[in-house]
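Heads up: the structure comes next, in structure tokens.
The values are calculated or read from the model by the stated rules, or taken from the named source; none is laboratory data. Since this is a predicted model, take the numbers as computed values, not measurements. Backbone-built Cβ (ideal geometry, glycine too); neighbour counts: all protein chains shown. These area figures cover heavy atoms from the full protein model, side chains too; ligands, DNA and RNA do not enter into them. Shrake-Rupley method; radii C 1.70, N 1.55, O 1.52, S 1.80 Å.
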Amino acid sequence: MEDLTRWLAKLREFFGTPILSLGGSSLSLWSLIQFLVLVVMLFYTAGKLRYWLTSRLLTRTRLTVGARQAIGSITRYLFLFIGLLVILQTVGINLTTLNVIAGAVGIGIGFGLQNIASNFISGLIILFERPIKIGDRIEVGHIEGDVIEIGARSTRVLTNDNITVIVPNSKFITENVINWMYNDRKVRFRVPVSVAYGTDIRLVEKLLLEVAKANPDVLSDPAPVVRLIGFGDNALHFELRPWSTTLVHRKGKLLSSLNSGIYETFRAHGIEIPFPQRDLYIRSGYLSLSNGNGEKLPAEAKPETPANFQLPDENLSGNAEHLR
């Protein structure tokens, strides 16, 4: 029994031996172990608190998913900040002795950690001002997708290809961001359509509206509209402008469906969708000829026109069918 007591006393002395001096405070191995255990418990409890708020308590309110996530994240940060202060006091670290460390951290932020600090502060701004929320359809740079998580340093965006893109939070503060759902879920799309000159424009407007109204993903209120937006070199340019809420996340599907309906309807009514055409004028004279080996033939070696060669009776300059 005495041996056990001596062994425990030596063990207590070993763990209680100061190994680090921080200002006026001395830290032992036991203090460091206690600090690490308490920090792990703090982060675990903070995560559970956020989950309980967002998934249990706040679900009983009328708050949106984005608002619940923002409240949960802010509560977690406050809980971590207060908990760290309490832990530091518990293990015997005087907060006034941390001035030196704070100065070193400030220098580090100024030289090497400014991006991390910028992203963290940007994350707090996003959570408070909420320019983007969980579930929003956004475009930033060349990235388009749904916001699935807003973290302290970065935001996760899920694209239509089921690829998660991690975007630094500072991009949402310093760059132009398109939020398709900032006001509400109704979004107007633009479908360009071209028809040949001479087409009845009233018929075109009528058919385009019929195609839009027949599509189940197009809203009737606001109603779709058609605009004649310009006169091109080869065609009249129209634009169909339908509204939708169901395919905001998959605008390619909506545009494909409308374009297919427009093509079939125009084809059934004999409306031509033109393509660029050019007139070719054949002038008298010879082009430079070669003998097949890259060597140009002399003028006297130019082949004679066959006796049975005849030009077509039609005017080539006005008929594009001979050039196809």
Legend entry - Residue within segment 190-198 that is modelled with pLDDT of 90 or more, open to solvent by 50 Å² or more (accessible area, probe 1.4 Å) and of a type in the set (A, V, I, L, M) present: no
Inset, instruction - Considering only segment 251-279, state which residues are open to solvent by less than 90 Å² (accessible area, probe 1.4 Å) and among the hydrophobic types (A, V, I, L, M, F, W, C). - result: LEU254, LEU255, LEU258, ILE262, PHE266, ALA268, ILE271, ILE273
Legend entry - From the options LEU36, LEU42, LEU32, LEU20, residue that is closer than 14 Å to LEU88 by Cβ, open to solvent by 70 Å² or more (accessible area, probe 1.4 Å) and at pLDDT 65 or above: LEU36
Legend entry - Hey, ARG227 free of Cβ contacts under 8 Å to residues at least 12 places away in the same chain, of a type outside the set (Ser, Thr, Tyr) and either open to solvent by 70 Å² or more (accessible area, probe 1.4 Å) or not in a loop (DSSP other than H, G, I, E, B) (or both) or not: no
Legend entry - Yes/no for THR96 being within 46 Å of the chain's Cα centre (by Cα), modelled with pLDDT under 75 and among the β-branched types (Val, Ile, Thr): yes
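Which residues, taken from segment 137-147, are within 21 Å of ASN183 (Cβ to Cβ) and open to solvent by 10 Å² or more (accessible area, probe 1.4 Å)?
Across segment 137-147, the qualifying residues are GLU139, GLU144, ASP146.
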Inset, instruction - Count, please, the residues in segment 172-187 that happen to be assigned to a helix (DSSP H, G or I) and surrounded by fewer than 17 Cβ atoms within 10 Å (Cβ to Cβ). - result: 1
